[in-house]
1. Among what's in region 139-165 and is more than 29 Å from residue 104 (Cα to Cα) and among the small types (Gly, Ala, Ser), pick the residue that is surrounded by the most Cβ atoms within 10 Å (Cβ to Cβ).
2. Going through region 101-122 one residue at a time, which ones are closer than 24 Å to residue 44 by Cα, surrounded by 12 or more Cβ atoms within 10 Å (Cβ to Cβ) and of a type outside the set (S, T, N, Q)?
3. Residues of region 51-65 being among the β-branched types (Val, Ile, Thr) and over 16 Å from the mean Cα position of the chain (by Cα), which ones?
4. Being hydrophobic (A, V, I, L, M, F, W, C), without any contact (Cβ under 8 Å) to a residue 60 or more places away in the chain and farther than 20 Å from residue 76 by Cα is the filter here; which residues of region 127-172 pass it?
5. Filter region 144-168 for residues that are small (Gly, Ala, Ser) and under 20 Å from residue 98 (Cα atoms) and give the result.
6. Condition (residue is more than 22 Å from residue 53 (Cα to Cα) and not charged (D, E, K, R)) applied to region 97-104: is it met by at least one residue?
7. Within the set of pairs 6 or more residues apart or between chains, which connect a residue that is over 15 Å from residue 5 (Cβ atoms) inside region 113-126 to a residue that is of a type in the set (Val, Ile, Thr) and surrounded by 11 or more Cβ atoms within 10 Å (Cβ to Cβ) with Cβ atoms less than 7 Å apart?
8. Considering only region 24-48, how many residues are closer than 13 Å to residue 88 by Cα and either of a type in the set (Asp, Glu) or buried (at least 19 other Cβ atoms within 10 Å of the Cβ) (or both)?
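The values are calculated or read from the model by the stated rules, or taken from the named source; none is laboratory data. These numbers were taken from a predicted model, which means no experiment stands behind them. Using ideal geometry, Cβ is built from the backbone for each residue, glycine included, and neighbour counts are taken over all protein chains shown.
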Amino acid sequence: MAAVALLFMGQFMLYTYLRPFLEAVTHVDVPTLSLLLLIIGAAGLLGTMLVGPLVTRSLNRVLVGIPLIMTGLAIAVVEAGTWVISVGVLLGLWGLVATCAPVGWFTWLTKAMPRDAEAGGGLMVAVIQLAITLGATGGGVLYDGFGYQATFFTSGALLLGATIMTNLATRK
């Protein structure tokens with residue numbers, strides 16, 4: 001559950017502050033902002049549809065790969081900053097990968113707790129909601145105090161922590 005918490009904290013530390021980043025750094029107008037958010041959503045829908053066979057083949061690789069890829073994307077978004085097309089591609093990849101996390105982790109839960117999946121699911125939802133709250137709050141403090149770079153790099157650090165914890169927990 002700690003890996004789940006780190007993943008969702010990292011995810012929402014970045015995601016919550018995309019709009020101010022896109023407006024202030026990438027300098028997008030409202031129609032472009034809407035298009036970029038649509039790209040994230042459409043890619044997310046696609047990711048959710050595509051992850052099923054991957055989870056079936058190698059759940060552990062999916063669980064480790066998601067935060068690892070997101071770590072790279074968090075760093076790359078900072079580096080791409082002012083390049084609208086590059087940021088758009090990176091955010092599309094973010095949407096594609098990030099939406100796979102709940103599918104992977106809830107699949108893991110049903111395997112880890114086959115007789116108590118409902119209770120485990122309730123606990124996981126509570127952990128995820130708390131992590132989203134902490135990530136968004138921490139991201140806001142960082143964004144206001146130190147700028148988008150600190151927020152997005154800290155997001156990447158949390159996601160890297162999730163990668164490491166997941167890797168340690170899923171080794172056999």
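1. Of everything passing the filter in region 139-165, 147 is surrounded by the most Cβ atoms within 10 Å (Cβ to Cβ).
2. Within region 101-122, 101, 102, 103, 104, 105, 106, 108, 109, 121 qualify.
3. 55, 56
4. Of everything in region 127-172, those that are hydrophobic (A, V, I, L, M, F, W, C), without any contact (Cβ under 8 Å) to a residue 60 or more places away in the chain and farther than 20 Å from residue 76 by Cα turn out to be 141, 168.
5. Selection gives 155, 156, 157, 161, 162.
6. No, every residue in region 97-104 fails to be more than 22 Å from residue 53 (Cα to Cα) and not charged (D, E, K, R).
7. If the second residue must be of a type in the set (Val, Ile, Thr) and surrounded by 11 or more Cβ atoms within 10 Å (Cβ to Cβ), the pairs left are 117/110.
8. Here the count works out to 5.
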